[in-house]
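Colleague: Structure below; questions to follow.
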Amino acid sequence: MADDIEKLLEIIAVGFRTMNGAQNFATLRSFISSARKQGLNILAALQNPEMLAV
């Protein structure tokens, strides 16, 4: 987990090429975080977003 945080901070520190890229990253990161909190398989949730209870 600490490695994930370090990698994330590196990505943020370097910056994004576009605002759209930053927004897409934030959306995907939020989706994955929600899926983890709900105990879902990340790949399955990405393939079938309806399984994520919002």
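Colleague: When you scan the chain for helices (runs of 4 or more DSSP H) that lie fully inside it, which ones turn up with 2 or more residues that are at pLDDT 90 or above and within 12 Å of the chain's Cα centre (by Cα)?
Modeller: Working: elements: 2-14, 19-37, 42-47.
Once the helices (runs of 4 or more DSSP H) in the chain are filtered for at least 2 residues that are at pLDDT 90 or above and within 12 Å of the chain's Cα centre (by Cα), what remains is 19-37, 42-47.
Colleague: Looking only at the range 1-25, how many residues end up being within 28 Å of Met51 (Cα to Cα) and surrounded by 12 or more Cβ atoms within 10 Å (Cβ to Cβ)?
Modeller: Residues flagged as within 28 Å of Met51 (Cα to Cα) and surrounded by 12 or more Cβ atoms within 10 Å (Cβ to Cβ) within the range 1-25 amount to 4.
Colleague: So, one more: Search the range 18-43 for residues that are within 15 Å of Leu8 (Cβ to Cβ) and pair each with any residue that is part of a helix (DSSP H, G or I) when their beta-carbon atoms are under 6 Å apart and the residues are at least 6 apart or on different chains.
Modeller: Taking only residues 6 or more apart or on different chains, the pairs are Ile32/Ile42.
The values are calculated or read from the model by the stated rules, or taken from the named source; none is laboratory data. None of these values were measured; they are calculated from a predicted model. Cβ coordinates were reconstructed from backbone atoms using ideal geometry, including for glycine residues, and neighbour counts include every protein chain displayed.
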